Amino acid sequence: MAEEESVSMENKEQNGNSFDLNDYTIIKEGDAEILMHAKNEVFYNKTQVNNRDMSIAVLRTFISQRKQEHDAKLARRTKAGNKAPDANAENPGDSVQHNGEFIDGSEVLKDPSHGESCSIPEELTKNLRGKGREELKPPRVLEALSASGLRALRYAREVEGISQVVALDYDKASVEACRRNIKFNGSVACSKVESHLADARVYMLTHPNEFDVVDLDPYGAPSVFLDSAVQAVADGGILMCTATDMAVLCGGNGEVCYSKYGSYPLRGKYCHEMALRILLACIESHANRYKRYIVPVLSVQMDFYVRVFVRIYTSASDMKNTPLKLSYVYQCTGCDSFHLQTVGRTVAKNNSVRYLPGFGPAVSQECSDCGKKFNMGGPIWSAPIHDQEWVAAILANVKSMKERYPAYERISAVLTTVSEELPDIPLFLSLHNLCATLKCTSPSAVIFRSAVINAGYRISGTHVNPLGLKTDAPMDVIWDIMRCWVKNHPVKAQPSDQAGSVILAKEPVLQANFSRAVASLSKAQAKKVARFLPNPERHWGPKLRAGRQITSKHVSLLGPKALNVINNHEIGDGNRENGDCSNHENGDDSNHDYVEEPALKRKKTEEFDS
């Protein structure tokens, strides 16, 4: 009789007889449970529950989509075989020729020398309709940076159809913790999940095209893993990649971003979406080196990171289209107007297609709206970053299994907003930023949307920013709408050299119509569906890297209550003077209630990876 998936606490303690359960805290997320030591030995981040839930939802949809694609491929092959039958075959749909005779799957070959029957050769049965079909093997998953193994355990226990999850880590303590957690989760986890002490880059390079799913969720930049990751994914497989170095990707250190990702960021209001597109362009660049290319199915910015899900295919001819999917961005330093210029273009002649450099420049030396100079960034991925059919399928799956997603409210809100984005519009405008340039009062989003729609253009929101607006209206149309708004809502006189004054000095060519448009509200807004949720608790954000010494200056990351528990575990009750600890135990999270130890306070700040 198979061992039960869920073992009792007593059995769990017996399975882990090499350690004392009293030293560990049991953390449950979804169907998985892990043991976490009070010390910061192995990295675990509670806030990544959103990330893990989203990944599970995408993985379930991928398995379903993969099965549909396989069945459709077999159907096409069968249909193609039936269209060109041999005239001499009695049953051409099921027949194949062997030694001058036609046979079908129900017959056997007669050996003329022995007069005995023998089986049909395997290479022939593969050509028979319904016989020798190549079966679709269950997907294999590689979690390249597993730490405690929580993500790998959730994949194994919650996603049906997975045959194996390989969890890697280069830290010995993490591998020990992962193996301990595998045993702690019972027979299903033990049969599907295996943990290895290995450098993820080396492991992926030595296992090319072996995994249908590769998950990269590093602490920081994933750039050093991308070259090996795109080789480890099987053709048609999916790569899930997280980047948490948002300060770099959003323009805080442009030169660092260029060295890591090969693209220069701009500090516009759209910087978080640009971070997504920089990461996609980087993955595409690595894939192209091996005659491969990517197809994004979902790309999201949540909490403090960006997360992309891309299919990877092999095709030397399709790879040539990459320059058509990349663009440079020109952003005005005065009015924040932006323009895109594609890296390449195609010219069709007869039945051939030529690939040529993109036309340029996309803009003049000075902005046509305000007369200021342009900053140039990129290249970025300017093709769609979502597949709307996938997004709809993922959202439907999440809603149908809402009780199985701990972060259901958050991920359903994100997916709802993503489903309503314009898929072919890169980057977005900020209505408040436009008004700040003109020093005017802001129209409501409904009024502004209506004006754009009445002008004959499309407009939508974006999941990245609740104030962001995606539209295919050119910038001169946007500024004409704002000029018409300012005429009805005058502003104070400004210096003539400011960008807003230069823009307002021009008469609008387009006369904006601000009457309410039917499509000015999305379906989710009309139904009052929550699209942007606040953080569930205080101090919600990235936690400390494993192995870092936890001191009182980390209170803003861990929270006073959690920090107090850790300090009590290390130094006992020595700090319970003056009732400070009792305040934290009673749920008082105010920072000023925590008394820092002078010795710890003097620690150098570089011990903390901010």
At what distance in nm do the modelled label points of Ala247 and Lys46 sit from each other, each positioned 7 Å from its Cα along Cα→Cβ? 2.4
Dipole moment magnitude, nearest 20 debye, the range 422-527 about Cα centre, only Lys, Arg, Asp, Glu C-beta charged: 400
Between rounded, prolate and oblate, where does the range 422-527 land on the alpha carbon gyration tensor, with a ≥ b ≥ c its root eigenvalues, rounded for a/c under 1.5, else prolate if a/b exceeds b/c? prolate
Net charge over other residues, Cβ less than 15 angstrom from the Cβ of Pro508 (K, R count +1; D, E count -1): -1
Scoring only Lys, Arg, Asp and Glu (+1, +1, -1, -1) among other residues with Cβ under 14 Å from the Cβ of His489 yields +4
Between Ala526 and Leu467, take the C-beta separation as r, use R0 = 22 Å, and let me know the FRET efficiency to the nearest 0.05. 0.70
Label Glu194 and Lys349 with points 7 Å out from Cα along Cα→Cβ: what is the distance between them in nm? 5.5
Heavy atoms of Lys291: accessible area, 1.4 Å probe, square angstrom to 10: 120
Using 1/(1 + (r/R0)^6) with R0 = 35 angstrom and r between the beta carbons of Ala519 and Lys439, what's the FRET efficiency to the nearest 0.05? 0.70
Largest first and in whole Å, what are the equivalent-ellipsoid semi-axes of the range 382-436 based on the Cα gyration tensor, each being the root of 5 times an eigenvalue? 27, 16, 7
Would you calculate the separation in nanometres between label points at Ala493 and Glu160, each defined as 7 Å from the Cα along the Cα-to-beta-carbon direction? 7.4
Which of rounded, prolate or oblate describes the range 156-252 when judged by the alpha-carbon gyration tensor and an a/c cut-off of 1.5? prolate
Could you give the spread of the C-alpha atoms of the range 229-353 along their three principal axes, from largest to smallest, in whole angstroms? 46, 36, 24
With a 1.4 Å probe and every protein chain left in place, work out the accessible area per residue of the range 422-527 in Å², rounded to a whole number. 47
Sequence order, the range 406-421: Karplus ³J(HN,Hα) from phi using 6.51 cos²θ - 1.76 cosθ + 1.60, θ = phi - 60°, Hz rounded, Gly and Pro as x, gives x, 9, 4, 4, 6, 6, 5, 5, 5, 5, 4, 5, 4, 5, 9, 6
Checked against the positive end of the charge dipole of the range 143-293 (+1 on Cβ of Lys and Arg, -1 on Cβ of Asp and Glu, about the Cα centre), the farthest of Ser148, Val188, Tyr290 is Ser148
Loop GluC sites (Glu not before Pro), the range 141-241, which have at most 12 other Cβ atoms in a 10 Å radius of their Cβ (DSSP): Glu160
What is the sum of charges around Leu340, taking Lys and Arg as +1, Asp and Glu as -1, for the other residues whose C-beta is under 14 Å from the C-beta of Leu340? +1
On average, how much accessible surface per residue is there in the range 305-367, in Å², for a 1.4 Å probe, leaving out ligands, DNA and RNA? 52
At 25 °C and 0.890 mPa s, the Stokes-Einstein diffusion coefficient in µm²/s for the range 318-370, with hydrodynamic radius from the Kirkwood sum on alpha carbon pairs, is 193
Multiply the residue separation of Gln365 and Lys506 by 0.36 nm, subtract the distance between their alpha-carbon atoms, and state the gained length in nm to one decimal. 48.8 nm
For Ser317 and Glu255, FRET efficiency with R0 = 30 Å and r from the beta-carbon atoms, rounded to 0.05? 0.25
What whole-number distance in Å separates the alpha-carbon centres of the range 358-384 and the range 428-494? 20
Segment Leu74-Gln388, extension gain: residue separation times 0.36 nm, minus the distance between their alpha carbons: 110.5 nm
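The values are calculated or read from the model by the stated rules, or taken from the named source; none is laboratory data. Values in this document were obtained by computation on a predicted structure and should not be read as measured data. Glycine also receives a Cβ, built like all others from the backbone with ideal geometry; neighbour counts cover every protein chain displayed. Accessible surface is based on the protein model in full, side chains and every heavy atom, while ligands, DNA and RNA are left aside. Shrake-Rupley method; radii C 1.70, N 1.55, O 1.52, S 1.80 Å.
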